[in-house]
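Below: one structure, written as structure tokens.
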Amino acid sequence: IIEEETKRLNEIVTSFLRFSKPVPLHLEVSDMNKVIRETVELVRQEATENNVEVIMSLDERIPPFKFDTQQLKQALLNIIVNSLDATKAGDTIKINTEIFDSKVLVVIKDTGMGMSEEIVSEIFKPFFSTKTRGSGLGLACVERIVKDHKGNISVKSEIGKGTEFIITLPVWN
């Protein structure tokens, strides 16, 4: 119990520090689809144990471009972990990528419990959370990372039908 609580508190402190002092972007040419595949592998076991199917449909036409691999991986992981928390056995999480007009679109959509409009309007605010565990900084960090990349993030959600995060990033060379 002490070890678990120590880990949990360490995660909260790390989140506070990461949020209060954002790390500058380390831009390098990388493969967005590869980063998504690697991120999904981090949660594959948990998804399998919870009987949640993770489906990827990745646009192979996306060229390598400059972005901060570690920060975007963290942003994607935060969203996917939230999707896992919102889903139950038999649900799915779909991750799609697409390229258009020199922009990459990353869509993460789950068939989980969904959120009300009131909650959706609050989710990117620091320290806001509907969970009993965590710091409420996960999605605030996601938004900051996306905006640091000169991108946009939006959310569509419907109670009982699921949630969709839409990230648009410019392709920098």
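For this structure, a couple of remarks:
- In percent, rounded to a whole number, the relative contact order of the chain is 24, using alpha-carbon pairs under 8 Å and six or more apart.
- Taking packing as the residue-averaged number of other Cβ atoms within 10 angstrom, the listed peptides 1-7, 55-61 run from highest to lowest as 55-61, 1-7.
- Within a Gaussian network of the chain (alpha carbon springs, distance under 10 Å), most fluctuating of Phe100, Phe65, Phe124: Phe100
- Of all the options Pro126, Pro24, Pro64, the one that moves most in a Gaussian network model of the chain with Cα springs shorter than 10 angstrom is Pro24.
- Zone residues, the stretch 145-173, relative to Leu27, backbone N less than 11 Å from point 7 Å out along Cα-to-Cβ: 149-150, 170-173
- Helix-derived mean residue ellipticity, 222 nm - over the chain, DSSP H n ≥ 4, -39500 (n - 2.57), to 500: -13000 deg cm²/dmol
- Exposure rank, largest accessible area first [Ser121, Ser135; 1.4 Å]: Ser121, Ser135
- Diagonalising the gyration tensor over the Cα atoms of the stretch 36-137 and scaling each eigenvalue by 5 before taking the square root yields semi-axes of 24, 18, 14 Å, largest first.
- FRET efficiency for the Lys88 to Leu42 pair, using the beta carbon distance and R₀ = 30 Å, is estimated at 0.90.
- In whole angstrom, the chain maps to an equivalent ellipsoid with semi-axes of 24, 20, 16, each derived as √(5λ) from the alpha carbon gyration tensor and ordered largest first.
- Model label sites at Lys150 and Ser116, defined 7 Å from Cα along the beta-carbon direction, differ in position by 4.0 nm.
- Looking at the chain alone, DSSP beta bridges between its own residues are antiparallel in about 85 percent of cases.
- Accessible surface ranking that places the most exposed of Ser83, Ser157 first, with a 1.4 angstrom probe: Ser157, Ser83
- For the stretch 6-155: lysine pairs under 15 Å (alpha-carbon distance), excluding those fewer than 8 apart on one chain: 11
The values are calculated or read from the model by the stated rules, or taken from the named source; none is laboratory data. Keep in mind the model is a prediction, meaning the values are calculated, not measured. In this analysis, Cβ positions are derived from the backbone assuming ideal geometry, glycine residues included, and neighbour counts consider all displayed protein chains. Protein only, heavy atoms only, side chains kept; ligands, DNA and RNA dropped before computing areas. Shrake-Rupley method; radii C 1.70, N 1.55, O 1.52, S 1.80 Å.
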